[in-house]
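The values are calculated or read from the model by the stated rules, or taken from the named source; none is laboratory data. Keep in mind the model is a prediction, meaning the values are calculated, not measured. Neighbour counts run over all protein chains shown; Cβ positions are idealised from the backbone, glycine included.
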Amino acid sequence: MPVRSRCWRGLCMCLIGCLLGCLTCAASMHASAADSDHAPLTVDSVAMTVSDLDRAVDFYTHVLDFERESDREVAGDDYEHLFGLFGLRLRVVRLRLGDEHLELMQFIAPHGRSIPEDVHANDQSFQHVAIIVSDMQAAYARLLSCKVKQASTAPQRLPDWNPNAGGIEAFYFLDPDGHFLEILAFPPDKGALKWHARDGRLFLGIDHTAIVVRDTASSLHFYRDLLGLRVAGMSENFGTEQEHLNNVFGARLRITSLRASSGPGVEFLEYLAPRTGRGAPRDTAADDLWYWQINFQTAAPEATGQQLRAARVEFLSPGVTATPDGALGFHAGLIVRDPDGHASLIGR
């Protein structure tokens, strides 16, 4: 090789190495800066809107073994601004299962819309909580004895060829308002240690809330880059078991799991196929029965709100709203929507 060619080749390789090194350094600095911008965030609970609170509490406590912790009713300007609903009167029951909490919200006024009869598991309004059970067959038998409406054909065992999901048993069903729910049983090599404790309970707690997303990258920008959640796992699920779990023919999903510093996880369900799921109605309000809300807690909702405003995130609240009575477990907060319309409350 001529000397000049060797020199040019060496110079090019040197420049490429320097460039890659600079990019790596910049990425590392960006990650460190992003981490330092986030106040610690926890998932306090997951909330949903119901039409008849007493009926819903009866279902969750008697069928699924949740325990009632509190029953509160709120009204006034503070809560109207927080939820973006004029004339609001709201009753909230807080339930506990294991270490996790579910909040049932009934808007006494105003009254929203029902969940459509033709909603599908790949629609972008879809959200559920995954309830861990110690025995799938016993839990399924309980649901059948209580005559719940099935959304899956039957409990499905995900195949062993999928290393991230193999051996997990899962089943979808509906509550009295038509909200999707899931029961999950982990094999010994998967799931948190607490899900394998044998203490005689059938329903153990909430592992995560799952949401259908249009584009994983856009959702990661919201939940990871802006809110500070960390990615805990990823997989691609397909096959007859997944189709019969979701009751979506030809289902192929990209699944991404995220975690805050504590509390249930947030799981993205991106349907790579079929791409026929409908978007959430843009005029969704908190009193509509398909409305769900992830309740985050942080010491600095104002700083988070400023960051979200700068990123042009959609706000349901006009900004951070003070709720001095603390009746719902926080004294200031705001509600925003992710790129697909799923709501998050960020409170202190």
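Tabulated results
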read-out: Qualifying residue in region 245-252 (condition: of a type outside the set (A, V, I, L, M, F, W, C) and in contact with a Lys or Arg (Cβ under 8 Å, 6 or more places away or on another chain)); value: no
read-out: Answer from LEU220, LEU202 - the residue that is within 17 Å of the chain's Cα centre (by Cα) and in contact (Cβ under 8 Å) with a residue 12 or more places away in the chain; value: LEU220
read-out: Those residues of region 194-220 which are among the aliphatic types (A, V, I, L, M) and either at pLDDT 95 or above or surrounded by 14 or more Cβ atoms within 10 Å (Cβ to Cβ) (or both), in sequence order; value: LEU202, LEU204, ILE206, ALA210, ILE211, VAL212, VAL213, ALA217, LEU220
read-out: Inter-residue pairs, beta-carbon under 6 Å, first under 30 Å from ASP287 (Cβ atoms) and in region 168-188, second β-branched (Val, Ile, Thr), 6+ apart; value: PHE171/ILE183; PHE173/VAL148; ASP177/VAL50; GLY178/ILE115; ILE183/ILE131; ILE183/VAL133; LEU184/ILE132
read-out: Qualifying residue in region 229-250 (condition: surrounded by 19 or more Cβ atoms within 10 Å (Cβ to Cβ) and in a loop (DSSP other than H, G, I, E, B)); value: yes
read-out: Residues of region 146-198 that turn out to be of a type in the set (D, E, K, R), farther than 20 Å from VAL63 by Cβ and part of a loop (DSSP other than H, G, I, E, B), as a count; value: 4
read-out: Residue that is outside any loop (DSSP other than H, G, I, E, B), under 30 Å from LEU193 (Cα atoms) and either out of contact with any strand residue (DSSP E or B) (no Cβ under 8 Å at 6 or more places or on another chain) or modelled with pLDDT of 95 or more (or both), where the choices are MET105, MET48; value: MET48
read-out: When residues of region 312-347 are limited to those that are more than 22 Å from the chain's Cα centre (by Cα) and in contact (Cβ under 8 Å) with a residue 24 or more places away in the chain, the one nearest to PHE126 (Cα to Cα); value: PRO318
read-out: GLN293 being buried (at least 18 other Cβ atoms within 10 Å of the Cβ), more than 24 Å from ASP123 (Cα to Cα) and within 20 Å of the chain's Cα centre (by Cα); value: no
read-out: Unique match (being touching a helix residue (DSSP H, G or I) at 6+ places or on another chain (Cβ under 8 Å) and at pLDDT 95 or above) among LEU88, LEU82, LEU64; value: LEU88
read-out: Candidates SER262, SER317 - the one that is within 23 Å of ALA75 (Cα to Cα), part of a loop (DSSP other than H, G, I, E, B) and of a type in the set (Ser, Thr, Tyr); value: SER317
read-out: Condition check for ALA286: crowded, with 20+ Cβ neighbours inside 10 Å and among the aliphatic types (A, V, I, L, M); value: yes
